[in-house]
Amino acid sequence: MIEELRTKARELLTDGTVDCVIGYEIAPRGDVRPVFIYDPAEVDRLVFNSRCDHNLVTYLNRRNKPPKRGAPVPTTGIVVKPCDAKSIQVLLNEHQVDRDKVTIIGVACAGMVDATGAPETRCTHCLQRTPLLYDVLLGDPPESVDAADSFDDIEEFDALPPEERRAFWLRELNRCIRCYACRQACPGCFCDVCESERDDSLWIGIADDIPEKAFFHITRAFHLAGRCVECNACELVCPMGIPLSLLNRKIVEEIEHSMGGFRAGISDEPTPLVTKLTGEEEINEVHK
Amino acid sequence: MTSPLRPYLGTLIGSKDIATNIRLFQIKLDDPDEWATLSTWQPGNFMFLSTLGHGEAPFGVANIPGFGPYLDIAIHDVGHVSHHIHMLPLGSQVGVRGPLGNHFPLQEITGQDIVVIGGGIGGAPLRPVIQYLMSHREDYGHLTIFWAARSPDLLVFTDEYEEWEAMPDTEMHVTIDRPVEGWDGNVGLITQIIEDVTPSAENAVAITCGPPIMIHFVGLTLAKLGFSTDQMLATLEARMHCGIGKCGRCNLGDKLVCRDGPVFWQSEIKEFLEGIL
Amino acid sequence: MKFISKPNLEHWLGILAQERTLVAPVKATVGERPGSAAALPAGKQSCYAIVDGIDEISWGFQRTAMSAREFVFPKSECLFTIETDEQGRKTVRESIDPEERIIFGIRPCDARAIGVLDAVMLQEPADETYRQRRERTWLIGLACNQMWDDCFCTSVGGSPNSREDVDILLTEVEDGYAVDVITDKGQELLVQAVLDEKPDLVLPEPVLNEAFDVPPTDVWIDSFNDVYWERVGDRCLSCRACVYVCPTCRCFDVREETVARPDGTRVTRSIRSWDSCQGANYRMVAGGANPRSKPGQRTRNRFFCKFHYVPVTYDVDVACVGCGRCITACPVHIDISEVLQDMAQKEVV
């Protein structure tokens, strides 16, 4: 499959379909990391294995917003797993990504493993073996998979008494250093100025205290309501090991239960929590 | 030992609208010793101004000591701190830190013709230059002032142009970007009017202040007229939190706008590792 | 050579913990989750923290996940308070931190990093808040008997058993520690410690990693516009992980935050907090221009700041101490040692 991936990447770059292919490579110390291939001669750097757990779709936000006004949007080929493809669907639903500028190289996925070789928890909840969205599909989906789409972990945590849950979150969130790795890694977080970084400290100040840290994570979880695809990029990148998936998946569960089974990134419907404008509304005032 | 980040306390003693969303503020310090330190400022220096409640920000000085009894600062309402300064009632207490940064080397360029080029709010740090030239007129040669704004309501210090133009051996050219009803003055970008007037580069120094893109294009225009980059001065802006080389925010390459600047010769800017754009 | 037995060391530290504020490495639940991109081996799952007693100390630690920087330069601190009375009159008060802190177990790289912070913050005009806190801080260094997998202190002019920048340096030997008293401040601290003399004590040579070349200044300057930096920036997420785990980074943000009280008075705190040059809008100016709008420009700025800007602006040779934390923390595995070696070989992509 890797040979197919490299061949496809070489083809897309050589015939000019894309300016760049975003995929995975092995770094000198042996870790898997994102790679941007511009030159067809370099496609042999591309790999795909069960340690390719980054969600590369976050880079599409940046690629689709060139810093210089008026500069053309570049074309991109991007390697996506089933979870990552759901992120692209969310961005398409929210008009953040130009579909014509992206060539989606979907890969069949048997699930990712962590540094010890154990299956990542999020993959044990995932029933999707092939992406729902792709221009080309590589690899054969595994026949059967040991996964169950359940919120058992959320329900187990919810069953704890409130004081215990509160103590847990205050302890976990206290470790947060507001490095924003979670936010930057998340394809759903693309605001130009994050609510937690406003100059006027309107919502969240800059003090390194638990109220600020807790509020940032809770706000972010709410802003992802109906938009989080459970790719777990946030938890994977956290240098302090905070279990962010618990928080974000709690909201995924709430939305699913209260909004008729809605899950983000499956259809072309954006989150049910937004009001969709038809374009025929009369807007009298724009608040700056 | 008092922290250099601690502000002097003063009072907002005067305020005057000088353009749309641009106001000239006059600040009086409470303590005479602190005023003695502060009032050593020179054109090009900047001060931090704080509302003592919503934050502080750096602003170029807009007068020289002696031109008016207080410190003048002109501020464009564009952000959080500037907005709160605009909302301060007269008599409010404010915090001031300074003078910071370097200054225009006016004592080193005596005997030369001076070309002053200001765009929009960029005119504010140039007003003390003009005031200095006014009070040392015989020490300098011909003075050409180019002043520009996007539209007439954004031209700053309009009520002082007459006094500036009345200086001996001085000419002033004002322009706006696009035609506006009721305006019968020059229309066109500042680079255009500089090219039309063709100030001589011989024994001359040009001093520019405005947005980085304007400084860049004015530099190209002056070069076409024969100015070398050692004949062009500019003052750069940056967001700052300390003004004393600690917070690390204002660097362009290995230069700190707060300490190595904000005034630079274009010949220095050309050598910066990082561009200003 | 002076020597302190393990029991005597514990006893002495116990006294220090009672009488003053003792900061020491403690076991921390950080980087434990094996799925995390920053999964840490057991020896690195620790942080410096204030300890009340010696049982909290993590003796087997290698390198802490977060550096000791936060004890001389806090993640956030109040610089001033501004009180507004009912009539609206304001009074400014400087916030002084009176605490005396002893940081035990600081590795030579982290101590050297505090030396870098000193060079920046104490350069005239000195940052008074930092200076006062620094004066009230003692550093008891703990030499490393080996370098770990992402350490590279020897490549940037440091060493695992360097005597620089600490008040006392302890080196682990059999049954205890060799004690090297370096400053008067350190001497004064040892007054309550029971020390022995061991004239035949031989200090172990630390096991070193292979050092690599760090490029000289002209290579940095020549490479500034190289597309290599764009490529490094491509994968950078523009988060702040590298900056916040770094022991020498010191960019800061200052904001005034005001809280109204029911009695009509208000208190404003001028808060300084860590900031990061990696943020997209960090270098934006009021008019909207941004010389570092692209991620590659920002990642470049960080490397250049460590190896060129800080050395030419302040009295320090290099601003990176080779601790390797950024290598571990970076979610996308941007590796400073790789960048340095690429630069030194001028192997640009």
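The values are calculated or read from the model by the stated rules, or taken from the named source; none is laboratory data. Keep in mind that what you see is a predicted model, and the values were worked out from it rather than measured. Here Cβ is always computed from backbone atoms with ideal geometry, including for glycine, and neighbour counts include all displayed protein chains.
At a glance:
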| item | result |
| --- | --- |
| Breaking point among (1) farther than 23 Å from C:Gly88 by Cα; (2) among the polar types (S, T, N, Q); (3) modelled with pLDDT of 95 or more, for B:Gln26 | (1) |
| Residue, farthest from the chain's Cα centre (by Cα), within region B:1-29, restricted to residues that are within 11 Å of chain C (Cβ to nearest Cβ) and assigned to a loop (DSSP other than H, G, I, E, B) | B:Met1 |
| Flag if C:Asn225 is at the interface with chain B (Cβ under 10 Å from one of its Cβ atoms), surrounded by fewer than 21 Cβ atoms within 10 Å (Cβ to Cβ) and more than 27 Å from the chain's Cα centre (by Cα) | yes |
| Number of positions in region A:218-239 that are away from chain C (no Cβ under 13 Å), surrounded by 23 or more Cβ atoms within 10 Å (Cβ to Cβ) and in a helix (DSSP H, G or I) | 1 |
| Unmet criterion (only one of (1) away from every other protein chain (no Cβ under 13 Å); (2) touching a Phe, Trp or Tyr at 6+ places or on another chain (Cβ under 7 Å)) for C:Gly14 | (2) |
| Residue in region C:109-125 that is under 18 Å from the mean Cα position of the chain (by Cα), part of a helix (DSSP H, G or I), under 30 Å from C:Val259 (Cα atoms) and facing chain B (nearest Cβ under 8 Å) present | yes |
| Residue check, A:Ser196 in contact with an Asp or Glu (Cβ under 9 Å, 6 or more places away or on another chain), at the interface with chain C (Cβ under 10 Å from one of its Cβ atoms) and of a type outside the set (A, V, I, L, M) | no |
| Residue among A:Pro40, A:Pro74 that is within 24 Å of the chain's Cα centre (by Cα) and either at pLDDT 95 or above or under 17 Å from C:Pro295 (Cβ atoms) (or both) | A:Pro74 |
| Count of residues meeting criterion [within 16 Å of the chain's Cα centre (by Cα), within 14 Å of another protein chain (Cβ to nearest Cβ) and of a type outside the set (Asp, Glu)] in region A:98-120 | 2 |
| Given (1) within 14 Å of chain C (Cβ to nearest Cβ); (2) in contact (Cβ under 8 Å) with a residue 24 or more places away in the chain; (3) of a type outside the set (A, V, I, L, M, F, W, C), number of the condition B:Pro43 does not satisfy | (1) |
| Considering residues of region A:34-66 that are surrounded by fewer than 21 Cβ atoms within 10 Å (Cβ to Cβ) and basic (Lys, Arg) only, the residue nearest to the other protein chains (Cβ to nearest Cβ) | A:Arg62 |
| Complete set of residues in region C:252-277 that are within 27 Å of C:Gly233 (Cα to Cα) and touching a Phe, Trp or Tyr at 6+ places or on another chain (Cβ under 9 Å) | C:Phe252, C:Asp253, C:Ser273, C:Trp274, C:Asp275, C:Ser276 |
| Yes/no for B:Glu268 being in a loop (DSSP other than H, G, I, E, B) and under 21 Å from C:Thr217 (Cα atoms) | no |
| Restricting region C:137-164 to residues that are acidic (Asp, Glu) and over 22 Å from C:Glu188 (Cα atoms), the residue that is surrounded by the fewest Cβ atoms within 10 Å (Cβ to Cβ) | C:Asp149 |
| Residue in region A:262-279 that is within 14 Å of chain C (Cβ to nearest Cβ) and part of a loop (DSSP other than H, G, I, E, B) present | no |
| Unique residue being more than 30 Å from C:Val332 (Cα to Cα) and either surrounded by 15 or more Cβ atoms within 10 Å (Cβ to Cβ) or more than 14 Å from chain B (Cβ to nearest Cβ) (or both) when the list is C:Asp253, C:Asp213, C:Asp184, C:Asp234 | C:Asp184 |
| Residue match in region B:232-255 (condition: more than 14 Å from chain C (Cβ to nearest Cβ) and either crowded, with 20+ Cβ neighbours inside 10 Å or among the acidic types (Asp, Glu) (or both)) | yes |
| Wholly within region A:1-103, helices (runs of 4 or more DSSP H) carrying at least 2 residues that are aliphatic (A, V, I, L, M) | A:2-14, A:82-93 |
| Which listed residue, of A:Pro131, A:Pro187, is away from every other protein chain (no Cβ under 14 Å) and either modelled with pLDDT of 95 or more or exposed (fewer than 15 other Cβ atoms within 10 Å of the Cβ) (or both) | A:Pro131 |
| Residue list for region C:256-271, restricted to those being farther than 25 Å from B:His76 by Cα and at the interface with chain B (Cβ under 8 Å from one of its Cβ atoms) | C:Arg266 |
| Residue ID - surrounded by the most Cβ atoms within 10 Å (Cβ to Cβ), chosen from residues in region B:36-54 that are among the hydroxyl-bearing types (Ser, Thr, Tyr) and out of contact with any helix residue (DSSP H, G or I) (no Cβ under 9 Å at 6 or more places or on another chain) | B:Ser39 |
| Extreme residue, farthest from the other protein chains (Cβ to nearest Cβ), among residues of region C:126-168 that are β-branched (Val, Ile, Thr) and assigned to a strand (DSSP E or B) | C:Ile168 |
| Those residues of region B:200-215 which are surrounded by fewer than 18 Cβ atoms within 10 Å (Cβ to Cβ) and in a helix (DSSP H, G or I), in sequence order | B:Ile213 |
| Tally, over region C:67-95, of residues that are among the aliphatic types (A, V, I, L, M) and within 7 Å of another protein chain (Cβ to nearest Cβ) | 3 |
| Identity of the residue in region A:240-257, assigned to a loop (DSSP other than H, G, I, E, B) and either without any contact (Cβ under 8 Å) to a residue 60 or more places away in the chain or of a type in the set (A, V, I, L, M) (or both), that ends up nearest to the other protein chains (Cβ to nearest Cβ) | A:Met240 |
| Qualifying positions in region A:240-261 - surrounded by fewer than 18 Cβ atoms within 10 Å (Cβ to Cβ) and farther than 16 Å from A:Phe168 by Cα | A:Glu253, A:Glu254, A:Glu256, A:His257, A:Ser258, A:Met259, A:Gly260, A:Gly261 |
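Results for (1) part of a loop (DSSP other than H, G, I, E, B); (2) without any contact (Cβ under 8 Å) to a residue 12 or more places away in the chain; (3) among the basic types (Lys, Arg), shown as yes or no for each residue.
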residue	(1), (2), (3)
A:Asp149	yes, no, no
A:Leu160	yes, yes, no
A:Glu163	no, yes, no
A:Arg171	no, yes, yes
A:Cys176	yes, no, no
A:Cys179	yes, no, no
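Yes/no per residue for (1) of a type outside the set (Gly, Ala, Ser); (2) not in a loop (DSSP other than H, G, I, E, B):
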{"residue": "C:Gly14", "(1), (2)": "no, yes"}
{"residue": "C:Thr81", "(1), (2)": "yes, yes"}
{"residue": "C:Arg93", "(1), (2)": "yes, yes"}
{"residue": "C:Glu99", "(1), (2)": "yes, no"}
